Amino acid sequence: MAEEFAGPADRPLDVTSRLQAALDHLQDGRPSDAEGLLRITLAEVPRHPDVLNLLGVSLQMQARPEDAIPYLAQAVSLQPESGMYRANFGAALALAGRGRDAAAELERSLELRPDNPIAKRNLGVVLAGMLRGPNAIPELERATGLAPDAPEPHLALAHAYLEAKRGHEAAEAASRALAQTRISPKQAEQAAFLRDAARGGSPDRAPAAYVRELFDVYAQHFDAELVGKLAYRTPELLGRMLERLALPAGGAALDLGCGTGLSGLVLKPFAGRLHGADISAKMLELAGRRGIYDELFECDFLDWLPRLKPCQYGIVLAADVLNYIGELSPVLLAVAPVLEPGGVFAFSLEKPEPGAPVQLTSALRFQHDADAVIEAARALGLELAARGEAEMRMEAGKPVIGTLLALRRH
Ligand SMILES: C[S@@+](CC[C@H](N)C(=O)[O-])C[C@H]1O[C@@H](n2cnc3c(N)ncnc32)[C@H](O)[C@@H]1O
C-alpha cells in the first residue's frame, strides 16, 4: 500500500510511487530527472526524510555535494538512527573535501549498519585521504580492511610504512595498491615509485603528478612550516654564494622550482628580469602574489627547458628542488644551453650517506653525491665556480646537510 500524504488541494499524494520513480531515474543514470521530480515532491512534503535523502543522493550523483549536504543533513536530523542516510551524508561530505566530518558520519553509519559495503569502502578511502605518518599506521591498516579493493588506503599505508622505515611492508602495501583493478594511471605511477623506493631502488625521478600534488596540498602551509618550524635557509645560503661570485647585475634570472617565491626573494637583487617555473599551480599562485616575478611558468621543467631559446639567462637557481629528481644528467643537459656563456647554475643538493652516488630516502627525496654531479656537469661544459656545505633545514629534529654548488657555463 503506497504511503499517502495530503497534497496541495487535499488530493492524496502518492509519495511512495514518486520515490520509486525517482529511484528508477537514478538507477537508469538520470539524476537530474530524479532531482526535478523530488523537488516538486519536497515542495509538497517538505519534511519527508526519504525525499530529502533521495534528493541529496540525486545532487551527489551530479557531482554537487555542496548542494546535497543540506538535504542529507536534514534527513539525518529527522531520522538519526538511519545508517543509510548517514552513509549518504558521509559520502557527500567526503566528496566536498570535509574528511573529518565525513569520517565521523561514516563511523556512526557503520555502528548502525555494520554490513553496509559502500559505507565501509567510503570510510576506508576517507581515512586514507586524511591520515599521514607512522602514527597513523594502525588506522590505515584498518582502512585497507574496510576498502580492500580501493588503491588509496594501500598507497597511504605504503607511505606511512616507508616513513616508519618499514621498507618490506611498504613495498608489499605498494604492490597491493598496484594489484587493484581500479587503480588510476597516476596512482599506479606513484605506487610503483613507492615500491621501488621501499626496495632500495633508485628510480630516475619522482613522478611529476606526485610532486605536483604534494606541493599543491602543502602550498598554504609551506612558508610557515619551512621558515617558521624547520629553519629553512637554502635560498639565503645560495644568495650568499651568488654574492661572492660577483656576477654582472641586470641580466635575466630563472628560479627553477620557484615554489612560493622564497628563492625568488633572494634572486631578485641579481636579476633585471626574473622568471619562475614550477609544476605546482598552488605554489605558483602564492609566488605570483609576491609581485617579484616578471613571468611565471607552470610546467615540468624537464619538458619545458628544452623548448626555451638558448643563452637566455645569466643565472638559473634551483633551491631545494633537485631532490625530486634522481638522475640529474637530463637537468644539467637542459639547463646548460639556456645559460649565457659565463652564466651560472646555482643549486642545492642533499648530502647522501657514504655509498651509492644517488640515494632515495624514506621521505621520498633524492640525495646526490656532489663530486659525481660536478663530474657529469663538466662533460656538458659547466665548470665548478663555488661549492659549500651547510645545514639547510631541520627534519624530524635533525639538520639536513646539503651541498651548495655553482656551475659556470664556458
Ligand atoms: C621544496 S620546494 C622549494 C621551493 C623554492 N625553490 C624555495 O626555495 O622555497 C620545491 C619546489 O620544486 C618544484 N618542483 C619539483 N620538481 C619539479 C619539476 N620537475 N618541474 C617543476 N617544478 C618542480 C615543486 O613543485 C616545489 O614547488
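At a glance:
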item	result
Residue match in region 57-64 (condition: closer than 18 Å to E105 by Cβ and of a type in the set (V, I, T))	yes
Failed item, numbered, when V211 is tested on (1) near the ligand (Cβ under 8 Å from one of its atoms); (2) β-branched (V, I, T); (3) more than 22 Å from E298 (Cβ to Cβ)	(3)
Subset of region 150-168 that is surrounded by fewer than 18 Cβ atoms within 10 Å (Cβ to Cβ) and assigned to a helix (DSSP H, G or I) - its residue that is nearest to the chain's Cα centre (by Cα)	G167
Number of the exception - A363 against (1) at pLDDT 95 or above; (2) open to solvent by less than 60 Å² (accessible area, probe 1.4 Å); (3) outside any helix (DSSP H, G or I)	(1)
Residue, nearest to P207 (Cα to Cα), within region 313-333, restricted to residues that are more than 13 Å from the ligand (Cβ to nearest atom) and either of a type in the set (G, A, S) or in contact with a Gly (Cβ under 9 Å, 6 or more places away or on another chain) (or both)	S329
Evaluation of I137 against (1) within 23 Å of Q180 (Cβ to Cβ); (2) buried (at least 20 other Cβ atoms within 10 Å of the Cβ); (3) among the β-branched types (V, I, T) (one fails), failing number	(2)
Selection count, region 347-359, where residues are open to solvent by less than 30 Å² (accessible area, probe 1.4 Å), assigned to a strand (DSSP E or B) and of a type outside the set (S, T, N, Q)	3
Some residue of region 186-201 being assigned to a loop (DSSP other than H, G, I, E, B), in the same structural domain as A156 (by TED's automatic domain parsing), of a type in the set (S, T, N, Q) and open to solvent by 20 Å² or more (accessible area, probe 1.4 Å)	no
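The values are calculated or read from the model by the stated rules, or taken from the named source; none is laboratory data. Owing to the predicted nature of the structure, the values given are computational and were not obtained by experimental measurement. Cβ: placed from backbone, ideal geometry, glycine included. Neighbour counts: every protein chain shown. Accessible surface areas use protein heavy atoms only, side chains included; no ligands, DNA or RNA. Shrake-Rupley method; radii C 1.70, N 1.55, O 1.52, S 1.80 Å.
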